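A.B. asks: Just passing along the structure, written as structure tokens.
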Amino acid sequence: MINLNLYDVLILLIGVSMIYVSLSTRQEAYIKTLFIQGLLLSILIALDFGKIEMKTYIFLLIETLLFKTIIIPIFLSRLIHSTNSRRDVRPYIPAFFSILITSLIVGFGFFISYFAKEHIANVKTLYFGISISVIINSLFIIISRRKIMTHIILYIFLENGTFLLSLSVAKEMPLIVSLGILLDVFVCVFIFGIFAGHIKELFDELDIDNIKNLKD
């Protein structure tokens with residue numbers, strides 16, 4: 001019999017949310033899922049009250065609740081409306097195969113969790129396995145979609161997987177790693193946002209194939 005605690009349920013929801021992302025072509029749905037993932041991560045951090053150093057706890061809670069759940073989704077939502085990029089209607093891989101591959105990757109995450117439990121010490125195994133599946137799924141969905149805005153949003157999903165991976169270390173909460181990730185996200189999102197705006201001025205569609213037509 002499988003015994004799941006609240007931590008496990010929250011982590012599983014993060015992993016399963018990537019299946020929904022692979023199913024949808026609406027970028028607003030991606031933003032809503034990004035909000036949900038940020039909320040789930042903030043709850044995971046909140047449940048660790050008293051278990052980690054207070055300054056690290058406060059920083060991680062602010063990072064997940066304020067930035068991942070509110071600021072970044074709002075910024076990306078406004079960017080979608082300003083560029084009039086709403087759907088990724090012509091993915092390179094059909095929806096059925098995309099869902100199948102994403103589900104297999106989530107299953108692979110469970111396998112990695114089981115393997116890590118048997119062979120790796122001092123690691124939160126479910127954190128580790130699901131974070132790997134989120135990272136791989138994000139990369140897969142990026143290469144299977146055409147829209148530049150989709151790539152920008154999926155970069156944040158990938159970062160969420162990286163953040164969850166950093167939490168898999170059982171005895172330490174890597175404050176420096178989280179600071180580096182947060183700075184990296186802001187720089188990339190804002191640069192990508194400016195880049196997408198300039199592409200929109202040149203082309204009617206924010207299609208990744210249009211980059212091939214750009215000249216120095």
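Nothing in this text is a laboratory measurement; each read-out follows from the coordinates by a stated rule. Every value quoted in this text rests on a predicted model; they were computed, and no experiment measured them. All Cβ positions, glycine included, derive from the backbone under ideal geometry; neighbour counts span all protein chains shown.
A.B. asks: Among Glu63, Glu28, Glu53, what is the fewest-to-most ranking by other Cβ atoms within 10 Å?
C.D. replies: So the ranking, lowest neighbour count to highest, is Glu53, Glu28, Glu63.
A.B. asks: Hey, another quick one. Take the Cα radius of gyration of segment 9-151 and divide it by 2.2 N^0.38 Å, with N its residue count; two decimals is plenty.
C.D. replies: 1.13
A.B. asks: At 0.36 nm per residue, minus the direct Cα-Cα distance, what do Lys117 and Leu47 gain on full extension? Give it in nm, one decimal, please.
C.D. replies: 23.0 nm
A.B. asks: Going highest first, how would you order 67-80, 124-137 by mean Cβ packing within 10 Å?
C.D. replies: In descending order of packing, they fall as 124-137, 67-80.
A.B. asks: Quote to one decimal, in nm, the extra length available between Ile62 and Asn84 on full extension: 0.36 nm per residue of separation minus the C-alpha distance between them.
C.D. replies: Value of the extension gain: 4.9 nm.
A.B. asks: Still on this model: Give Lys68/Lys124; Lys68/Lys147; Lys32/Lys124; Lys51/Lys147 a once-over and call out the pairs whose C-alpha atoms are over 30 Å from each other.
C.D. replies: In this structure, Lys51/Lys147 lie more than 30 Å apart at Cα.
A.B. asks: Please sort 91-100, 34-43, 152-161, 16-25 by packing, taking for each peptide the average over its residues of neighbouring beta carbons within 10 angstrom, highest first.
C.D. replies: 152-161, 34-43, 16-25, 91-100
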